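Scroll down for the structure; my scribbles are underneath it.
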Amino acid sequence: MRIGVFGHVGNQNLGDEALIAAVLQNVRRRYPEAELCGFTAHPQDTEQRHRIPAFPICRTNGRPAAAPQPERATDPPGGERSAPASAWAGLRAQLRRIPLLPVLVRAARRVGRTALAAPLELAFLARSYRNLRGTNLLLVAGSQQLNDYWGGPWGFPFTLFKWSLLARATGTKVAFLSLGAGPLQTPLGKFFIKQTLRLAHYRSYRDDDARQCIVGLGVPGEHPVVPDLVFSLHVAPPPEPTAPARRRVVGINPMPVFDDAYWPENDPRVYGPYVRTLASFADWLVERGYDVRFFATQLLADHPVIDRVRSLMRRGLTLGGEERVIVRRIGSFEELVAVIDAVELVVATRYHGTLFTLIRRKPVISIAYQRKSIELMRQVGQGENAIDIGQLTLPALQDRFVALEGRGAQSAGALRRRLPAVREALEAQYDRVFALLDAVR
């Protein structure tokens, strides 16, 4: 049995990597003998990080990303066919049966807007067909993949659409697990996503906002809401409380929201006040006797924001010869968990910065740059601790902090009671999805 895990991952985002890890972990618990492989945006990173063979899901810089070519029982020794044309013939024969093939071919002709784009894309599709062939089930692992805000319709929507067609051609069943959706702004992006989900054997969304986005496209069938897959990641439980530390620590998780170096659109009216508010808030925490621990979950994009916030603070890194503001970098999920376990309360902007804190049962204030963070907090009964970034001011953040500071133990207790039901919903989803394998076993 061969099971593939699909995701736009490999760019040092610990949240997205935790999604892949959660799915792999739950597959291995149920099918320890299954052959696992990844289909990702950066397969070399996936191989190193998750210890599975991986293949590219899209071309990069006009060339397909490098990926290993596995030997198959139907291939001659060495893993390469003696007649590449036979792969093309097989691919064409399968794709002719799919009514949407003309759309895919037209899309391939437009990708990259160069004369070579169409043949390069078709060659990539032939290789991808061979990589996917023999896979019984392809699990699309969460994240906000159902959107055209990042990369337009030729980004996430087209990539998901072409792989759904390839799955039909290879007889691979496809399940979309707890995905986020939106923004969807273009007719073509909406078309690709609608057709992709029509082809799926199973689909679910991580919150009601995502569900409503897809229902609005007119996609028929069920649209279950199942919480984010990271809730299903089994990690060692948080350590038991010990003697109180000499000084309490607050974690702050910034991100480059609406910063033109990272975001699809630039809005200095949001980013500028945001970083200044975080800087003033961190100063205020130090004045109240807290230490501040900045941490990233997107290891490439978040550290420059931390540096910017730090530069705007009045306080130095030390006070009275002691380190009060900690900015040391982390490099792995394990290090991130250790950081969260060592703080008393977190102010997070990243969606998975919020979620990681929740699964460690720590009080968290979520600065919501999109509604998904508010929906996440409501799912675990913490909606009052979310603040829309459009309403973020220093007094508002201070008020939320003081309120949560006084009921941190109650918040942690409420999370402890809520999380089992969230995990049970995910267990039921895995059971339902793996039932798709019964027909091929």
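The values are calculated or read from the model by the stated rules, or taken from the named source; none is laboratory data. Note that the structure is a prediction, hence the values are computed from the model and not measured. Cβ: placed from backbone, ideal geometry, glycine included. Neighbour counts: every protein chain shown. Accessible surface areas use protein heavy atoms only, side chains included; no ligands, DNA or RNA. Shrake-Rupley method; radii C 1.70, N 1.55, O 1.52, S 1.80 Å.
Side notes on the structure shown:
- Burial ranking of peptide ranges 299-312, 356-369 (average Cβ count within 10 Å, highest at the top): 356-369, 299-312
- Accessible surface ranking that places the most exposed of Ser164, Ser280 first, with a 1.4 angstrom probe: Ser280, Ser164
- Residue order for Cys37, Cys213 - accessible surface, 1.4 angstrom probe, largest first: Cys213, Cys37
- Ranking by accessible area, most exposed first, for Leu437, Leu217 with a 1.4 Å probe: Leu217, Leu437
- Taking 0.36 nm per residue of separation and subtracting the current Cα-Cα distance, fully stretching the chain between Arg432 and Ala414 would add 3.6 nm.
- Shown in residue order for the stretch 259-264 are the 3J(HN,Hα) couplings computed by the Karplus curve 6.51 cos²θ - 1.76 cosθ + 1.60 at θ = phi - 60°: 8, 5, 6, 9, 7, x Hz (x for Gly and Pro).
- Descending by average beta-carbon neighbour count within 10 Å, the peptides 193-202, 285-294, 14-23, 410-419 line up as 14-23, 193-202, 285-294, 410-419, the highest first.
- Placed amide H near Thr172: partners under 5 Å, 5+ positions off or other chain: none
- Anisotropy class of the stretch 372-440 from Cα gyration tensor, a/c 1.5 cut: oblate
- Annotation: amide H-H contacts under 5 Å for Gln144 (H modelled 1.01 Å from N, sequence separation of 5 or more, or interchain): Gly180.
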